[in-house]
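Worksheet: the structure to be examined is printed underneath.
The values are calculated or read from the model by the stated rules, or taken from the named source; none is laboratory data. As the structure is a prediction and not an experimental result, all values here were calculated from the model. All Cβ positions, even for glycine, are placed from backbone atoms using ideal geometry, and neighbour counts span all protein chains on display.
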Amino acid sequence: MVTLRDDGTALFEIYLPHAEQVCIVGDFTGGMDRPHQMTHCAAPERGWWRTRLRLAPGDHTFCYLVDGVGWLPDYAAGGLHRDRDGRWVSLLTVPPCAKAATVRPRPDRAEPARPALQTWAVSRRFSTAGPSAPLRTP
């Protein structure tokens, strides 16, 4: 699962309780030449592997390398794609960061009512997290 944060970083999380080592490999790490080691979480979140990376805006591909031998795409990311070697890799699109403009309210105009924000639940059906993993909403 990938969460894009307001500070311009991406939080990568995957639940692999039996893994000894998990690395992230992508076009933003330099491919197989420079895999990025993920951190194994301690109790009470044992089994989760996490890392936070700052990514340039644009489209990226990545995959998790488990114990140095198994390739695992992130089904909860922005999609899947076959790379030039025929492996399934995950797609991730990082939007450009737009600076918020300072807006002063005008006393002669009332601000229109804004619609309520809609929250989306993450489906566990396509997640790499186990059935006991907590459901996370953005």
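Pairs under 8 Å by beta carbon, first residue in a strand (DSSP E or B) in the stretch 61-89, partner of a type in the set (Lys, Arg), six or more apart or different chains? That search, which allows pairs on different chains as well, returns Cys63/Arg87; Trp71/Arg87; Trp88/Arg82; Val89/Arg82. Restricting attention to the stretch 31-56, and to residues there that are among the small types (Gly, Ala, Ser) and either exposed (fewer than 11 other Cβ atoms within 10 Å of the Cβ) or more than 16 Å from Gly68 (Cα to Cα) (or both), which single residue is modelled with the lowest pLDDT? Top of the filtered list is Ala43.
Within the stretch 17-34, being of a type outside the set (D, E, K, R) and either in contact with a Gly (Cβ under 9 Å, 6 or more places away or on another chain) or outside any loop (DSSP other than H, G, I, E, B) (or both) holds for Pro17, His18, Ala19, Gln21, Val22, Cys23, Ile24, Val25, Gly26, Gly31, Met32.
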